[in-house]
Amino acid sequence: MPLNNSIWSVFKFLLLTGMVALAGCAAPHAGAGKGRLDLTSAQWELVKWSTQPMPPAGVRPIILRFDQKGDEGRVSGHAGCNQFSAPYVLRDAGEITIATPVATYMACAPEVMEFEARLLDKLESISTYKVTYNNLDLIAADGHVLSFRPRAKVGAEALIKFIYVAPQRVECAAGAGKAMCYQVKENKDDPWRLWHGDIAGFDFEPGVAYRLRILEERVSNPPADSSDVKWTLDLVVEQEISPKQ
């Protein structure tokens with residue numbers, strides 16, 4: 001028996017409503033699920049600010065790292081001149097709240113300091129985030145978008161270590177040639193020893209003494225004359241301009 005127009009209209013409404021509800025359940029929220037894992041699995045380098053010019057040429061990379069424990073987290077990194085850190089909280093549907101950042105007190109060129117101040121201020125107004133395969137967008141309440149790319153990833157088996165880095169590198173042997181090596185030690189009273197490898201993600205400035213938190217990984221089948229240990233910067237714990245000798 002054919003349906004009259006009113007019954008058919010109700011049937012179509014219920015059918016469409018059900019389809020929309022199912023689509024809403026199936027669509028993943030930005031930042032949910034795998035997105036949350038990706039947020040904390042890399043160091044993120046700023047590559048674009050939708051409404052602002054990027055830092056002047058020669059400025060150290062702008063780096064963020066997110067660490068999440070339970071419902072609370074901490075974002076830390078390098079803002080152009082200074083190291084900073086701030087608590088953050090993840091909420092539903094890709095929402096994030098970042099508290100007021102606390103930064104070190106290094107002085108840089110005025111234009112760098114101005115950019116850094118704008119960046120740290122903008123982080124406080126970030127309201128949502130979106131993680132894709134190779135991109136992180138932090139979106140502020142006023143619509144500004146800070147876009148980042150992953151910079152360094154480490155395995156789950158990496159060891160966390162703390163090291164001191166001397167304010168000057170020294171010449172050292174590197175295979176058949178010469179190179180400039182870091183002077184490092186794990187305890188303040190230990191003698192300096194040479195580190196012939198790189199420290200991934202670390203931007204060394206001569207004349208500045210550092211204490212770093214690093215991630216140490218074993219390298220399978222390293223190239224000849226290369227170390228089987230890889231160091232990746234996790235956090236600059238301290239940095240201080242060393243008095244000239």
Exercise for review: Give me the Kirkwood hydrodynamic radius of the stretch 34-152, using the inverse of the mean 1/r over all pairs of distinct Cα atoms, in Å to one decimal.
Suggested key: 14.3 Å
Practice item. Please work out the C-alpha center-to-center distance from the stretch 106-129 to the stretch 168-193 and express it in whole Å. Key: 34 Å
Review point. So between Lys161 and Leu194, what do we pick up on full extension, going 0.36 nm a residue minus the alpha carbon distance?
Key: 10.3 nm
Practice item. Report Rg(Cα)/(2.2 N^0.38 Å) for the stretch 159-241, keeping two decimals. Key: 1.08
Revision key, fill the gap. Length gained if Lys178 through Arg91 is fully extended, taking 0.36 nm per residue and subtracting the Cα-Cα distance, is 26.2 nm
Revision key, fill the gap. Scoring only Lys, Arg, Asp and Glu (+1, +1, -1, -1) among other residues with Cβ under 14 Å from the Cβ of Pro53 yields 0
Study note, to complete from the structure: For Tyr105, the net charge from surrounding residues (Cβ-Cβ under 14 Å; K, R +1; D, E -1) works out to -3
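Stretched out fully, how many nm does the piece from Phe204 to Ser125 gain, at 0.36 nm a residue minus the Cα gap?
Additional length available on full extension: 25.4 nm.
FYI, it's all coordinate maths here, none of it is from the lab. What you see is a predicted model; the values in this text were computed from it and never measured. Here the Cβ is made from the backbone with ideal geometry for all residues, glycine too, and neighbour counts use every protein chain on show.
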